[in-house]
1. So, in segment B:110-127, of the ones that are in a loop (DSSP other than H, G, I, E, B) and closer than 27 Å to A:Trp100 by Cβ, which residue ends up nearest to the other protein chains (Cβ to nearest Cβ)?
2. From (1) in contact with a Gly (Cβ under 6 Å, 6 or more places away or on another chain); (2) away from every other protein chain (no Cβ under 12 Å); (3) at pLDDT 95 or above, pick out the condition that doesn't hold for A:Val1.
3. Determine whether segment B:41-50 contains at least one residue that is of a type in the set (A, V, I, L, M) and touching a residue at least 40 places away in the same chain (Cβ under 8 Å).
4. Just one of (1) within 30 Å of B:Phe61 (Cβ to Cβ); (2) in a helix (DSSP H, G or I); (3) polar (S, T, N, Q) trips up A:Gln107, so point out which.
5. For segment A:125-133, indicate whether the set of residues that are of a type in the set (Asp, Glu) and either under 17 Å from the mean Cα position of the chain (by Cα) or under 30 Å from B:Pro141 (Cα atoms) (or both) is non-empty.
6. With respect to B:Gly72, is the statement that it is out of contact with any helix residue (DSSP H, G or I) (no Cβ under 9 Å at 6 or more places or on another chain) and free of Cβ contacts under 8 Å to residues at least 24 places away in the same chain true?
7. With the checklist (1) more than 22 Å from A:Glu18 (Cα to Cα); (2) in contact with a Cys (Cβ under 7 Å, 6 or more places away or on another chain) in hand, flag the one item B:Val111 doesn't pass.
2 protein chains.
Amino acid sequence: VLGKLYEKQECSAARALEIVGERWSLLILRDAMFKHCTRFSELERSLEVAPNILSKRLDGFVEEGIMELGAGGDRQYHLTPKGLGLKPVIMALTAWGDEWLGQGPAQFHHVGCGGTAGVELLCKACGETLSPADVAARPAPGFVPRRQGRQAKRRGR
Amino acid sequence: VLGKLYEKQECSAARALEIVGERWSLLILRDAMFKHCTRFSELERSLEVAPNILSKRLDGFVEEGIMELGAGGDRQYHLTPKGLGLKPVIMALTAWGDEWLGQGPAQFHHVGCGGTAGVELLCKACGETLSPADVAARPAPGFVPRRQGRQAKRRGR
């Protein structure tokens, strides 16, 4: 919900950060995903966040289709599939924090079998589990920048 | 490098966000990881970010052991293993942006075989590939809050 902060950055990660990169955004989503907080009051208590900030973030999530308001009049917020799609981001951040900054307090598990669940880097071609050094980036085939006109104009200043 | 912003949040994700949750942080790391930018000037050009902000973020990364300064006098910043460990976070954010906000421009690949690489949720017990709805959180075994004393004091106010 940062709007156009990163507008010169034509990139999916930058676009994602415009929506979930503000203070508290990812922690609100964490509590919605993993503590099953749905009510405004639950989130406020769990996060000890100022109600005006919480309200602003939740409005932004609804606007972006990350959450939707429940039918009742009691300000219940439910994650949409788009919102749930951010689970791997929270899990990857948590795994990094666990490894480099100190463990806990939560651990992720597979609801089906109870086993420990986590984020892995995988090669879709050879099936290998990868380490960070094994992964690089290249241009996506057929990518057409959508802001080319504006960028060209800006470059021409 | 947000310091104690989230200090009441005893959680690995919150601790991680204190270090990489500020504006530009993750995009600087993205360019260091995937565009192989190491020089201050390269990052400045690539990101079109104000030099004072870039400088502050890079100093913070060095302080946190995410980057280290090269031996020469030309302000080269290299990712440490701790910094490289954030690759799955960038990849998960990018995948979400690709899916929900629009594709591209980059695609990740396995350096070894050239195949497409990505972040997956996996169960370490049964080996199944999981969807976000298949994953829940539970208390990590043996977790002892490290800020208990301060938190208890705060609660007692």
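1. As a first pass, look at segment B:110-127 and keep what is in a loop (DSSP other than H, G, I, E, B): B:111-115, B:124-127.
If we keep only those that are closer than 27 Å to A:Trp100 by Cβ too, we end up with B:111-112, B:124-125, B:127.
Working: B:Val111: 5, B:Gly112: 6, B:Lys124: 5, B:Ala125: 2, B:Gly127: 9 Å.
This residue is B:Ala125.
2. (3)
3. As a first pass, look at segment B:41-50 and keep what is of a type in the set (A, V, I, L, M): B:43, B:47, B:49-50.
Filter again for touching a residue at least 40 places away in the same chain (Cβ under 8 Å), leaving none.
No; the residues of segment B:41-50 include none that is of a type in the set (A, V, I, L, M) and touching a residue at least 40 places away in the same chain (Cβ under 8 Å).
4. Here A:Gln107 meets the rest and fails (2).
5. yes
6. Taking the combined requirement at face value, the residue satisfies it.
7. (2)
Rundown of residues vs (1) in contact with a Ser or Thr (Cβ under 6 Å, 6 or more places away or on another chain); (2) within 12 Å of chain A (Cβ to nearest Cβ); (3) farther than 26 Å from A:Glu18 by Cβ, yes/no style:
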position: B:Glu22; (1), (2), (3): no, yes, no
position: B:Ser25; (1), (2), (3): no, yes, no
position: B:Ile28; (1), (2), (3): no, yes, no
position: B:His36; (1), (2), (3): no, yes, no
position: B:Pro51; (1), (2), (3): no, no, no
position: B:Lys56; (1), (2), (3): no, no, no
position: B:Ala71; (1), (2), (3): no, no, yes
position: B:Thr80; (1), (2), (3): no, yes, yes
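The values are calculated or read from the model by the stated rules, or taken from the named source; none is laboratory data. Because the structure is a prediction, the values reported are computed rather than measured. Note that each Cβ is placed from the backbone with ideal geometry, even for glycine, and that neighbours are counted across all protein chains shown.
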